[in-house]
Every structure is written in C-alpha cells, then in structure tokens.
Amino acid sequence: MLVGCASSPALIKSSPKALVLTLSQLPYSGFVVEKGSKADGFISNSEAAGGDASLLRRYQTEGRQSAYLVTFVREVSPQTVVGPVVIESSAVLYKSASGAASGFVEEKKQLGQAGWVEVSTGRLGAEAVAFTETKALDQTQYQSFVLDWRQANVVNQIHIAGNAATLDLNYALSLARVQQRAKPRN
C-alpha cells in the first residue's frame, strides 16, 4: 500500500509560445495574425505588471515565469459576420501548479471586478472559468467571451469577440479544447 503519494500532473516545461493557438489551428477562414501590437508576443513579468510594483512582487511570489499572447483578426463587418472577429490565445507559465492556481484565482477575481458576467464552462483543464460582456459597436451588439483554464502549472486563456447575434461560448470552448490538446514538450 502506498501512503502519501499524490497523483499530480507533470509540470509543463514548454515555452508559453508553444502552448498557444496557431493560425493553422483556427477552424474559421479569413483570420490573419495581427501584426504590430505591443501586447502580442512574449510578455515578461515587468511588462505584465505595467509599473505596478506590488503586482510585480505578486508575480514573483507566485513563480510566474513568462507569458505569450497571439491575436488573430479578420477584416469583416461585425454586423454580418458569423462567429468571432477577434481571437486572442495566451498561456502563462508558472514554476509550480500551486503558483498557477493562485494566478488563476487572481485572473478570475480581476474579470469579475471589471464587470464581466461569469458563465458556465463545463469541464476543461484542472479548473476553468468563463466570462462575457456585451457592448454596442457600430449599430451592433458586440459580444466578448474570456475563457481561462489551468493545466498543471499553466494558465491558458481564449478571448473572442464578434457579433452578439452569431457568437456564443461554444466558439471559445472549441478553441480552448484545441489549445488544451496541443502536445507541450516536457
């Protein structure tokens, strides 16, 4: 009999860039990688903290190592398009699963405080949360979904936006499942 043996998932050691979606994984046509955004690419802790010293200290305490964000866009009318117009895929790598769990809780807290409405995600990763918001844009209701989930020591995120009449959480969930199935190199 084994006593005290915990079954915990192996830590993911890949670069966060290897853990985000690629253009070829998108099941929708017309998307391109957005170029020139300073927010895309590798994001250091100091960049993510944006000059907030207490936030930077929290990242260091949690063991946040690095993050990567890629944004995909398609040049279409938000009034007539079906599905997402913007897709963001990101991954944040932590030294430990407990650090990622702490980062996940903080991300959930920040989205809730920003006025986003929490919605059910179903089963995804070790834990998951989704939020939505709807805003008016060019005589159209524009809806966004943010889906965060944790796998071992990584916090992943899919953020989609598009015409509220044709967009629902299932678009974000399907992309999250593609990102989650990516085979990280351990």
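The values are calculated or read from the model by the stated rules, or taken from the named source; none is laboratory data. It should be emphasised that the depicted structure is a prediction, and the values quoted were computed from it without experimental measurement. Neighbour counts are summed over all protein chains in view; Cβ atoms, including those assigned to glycine, are modelled from backbone coordinates with ideal geometry. With ligands, DNA and RNA removed, areas are computed over all heavy atoms of the protein, side chains included. Shrake-Rupley method; radii C 1.70, N 1.55, O 1.52, S 1.80 Å.
The residue pairs whose first member lies in the range 87-116 and is closer than 29 Å to E75 by Cβ and modelled with pLDDT of 95 or more, whose second member is open to solvent by 40 Å² or more (accessible area, probe 1.4 Å) and in a strand (DSSP E or B), and whose beta carbons are closer than 7 Å, counting only pairs six or more residues apart or on different chains, are E88/H159. Do we find that F72 is under 26 Å from A128 (Cα atoms) and open to solvent by 40 Å² or more (accessible area, probe 1.4 Å) in this structure? No, not satisfied. Within the range 49-63, take every residue that is touching a helix residue (DSSP H, G or I) at 6+ places or on another chain (Cβ under 7 Å) and among the hydrophobic types (A, V, I, L, M, F, W, C) and give me the one that is most open to solvent (accessible area, probe 1.4 Å). Among those that are touching a helix residue (DSSP H, G or I) at 6+ places or on another chain (Cβ under 7 Å) and among the hydrophobic types (A, V, I, L, M, F, W, C), it is L56.
One line per residue, one yes/no per condition, for (1) in a helix (DSSP H, G or I); (2) small (G, A, S):
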{"residue": "F42", "(1), (2)": "no, no"}
{"residue": "S54", "(1), (2)": "yes, yes"}
{"residue": "R57", "(1), (2)": "yes, no"}
{"residue": "T61", "(1), (2)": "yes, no"}
{"residue": "V70", "(1), (2)": "no, no"}
{"residue": "T80", "(1), (2)": "no, no"}
{"residue": "V86", "(1), (2)": "no, no"}
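If V129 meets every condition in (1) out of contact with any helix residue (DSSP H, G or I) (no Cβ under 7 Å at 6 or more places or on another chain); (2) crowded, with 20+ Cβ neighbours inside 10 Å; (3) in a strand (DSSP E or B); (4) of a type outside the set (D, E) apart from one, which number is that one? Here V129 clears every test but (1).
Out of all the residues in the range 88-123, which are β-branched (V, I, T) and not in a strand (DSSP E or B)? Correct list: V105, T121. Here the condition is being over 30 Å from V32 (Cα atoms) and surrounded by 15 or more Cβ atoms within 10 Å (Cβ to Cβ); of S102, S89, S66, it holds for S102 alone.
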